[in-house]
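Report on the structure given below.
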Amino acid sequence: MKYLIMFITLLVGTLMPLQAILNSKLGRQIGGPLMGSLMSFAIGLVFLLLLNLSTNATAVGQLRNTSTSPWWIWLGGLLGAVFVGFITWVNQKQGIALTFSLVVSGQLLVSLFIDHYGLFGSAVRTITLEKILGVALIIGGMLLIKK
């Protein structure tokens, strides 16, 4: 089961560069990267709303729990908008491969830090030499892609 989840995660990861290029093309058609990103989020909102309503009848009732939630858990949507908007714009400037090699490098660096310190309530997973070497190899790959 562990390897199946890893494989599905890999497949879902392939959607990110596809989303970026589709949003860029959409933005060029309808008024720029921000408009392409906005429409992407609007379509995603409708999809997630319908999915929630069809699979989780109690979801609307659970919204009352929002008043007791820490303020910072709401930043995910804002971070997602910044990410999608920037990626929609920047991949036209430097290409998809370099863009996502930089994205993955940044994600791994922050992920190691979050795991090591158990930030935001996540489980603590100590940084090891192997993990540092793995990230260094990926950053090295990014530098090769850049050339």
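Of note:
- Out of Met35, Met39, one residue alone is more than 30 Å from Ala136 (Cα to Cα) and either touching a residue at least 12 places away in the same chain (Cβ under 8 Å) or assigned by TED's automatic domain parsing to the domain that holds Ala136 (or both). It is Met39.
- Pick from region 85-144, criterion polar (S, T, N, Q), without any contact (Cβ under 8 Å) to a residue 24 or more places away in the chain and assigned to a helix (DSSP H, G or I), ranking: nearest to Pro70 (Cα to Cα): Ser111
- Residue that is nearest to Val104 (Cα to Cα) [pool: residues in region 1-33 that are surrounded by 15 or more Cβ atoms within 10 Å (Cβ to Cβ) and aliphatic (A, V, I, L, M)]: Met16
- Test: residue in region 47-67 that is under 30 Å from Lys147 (Cα atoms) and either in a helix (DSSP H, G or I) or not assigned by TED's automatic domain parsing to the domain that holds Met142 (or both): no
The values are calculated or read from the model by the stated rules, or taken from the named source; none is laboratory data. Note that the coordinates shown come from a computational prediction; the quantities given were computed from them, not determined experimentally. Cβ atoms come from the backbone with ideal geometry, glycine included; neighbour counts cover every protein chain shown.
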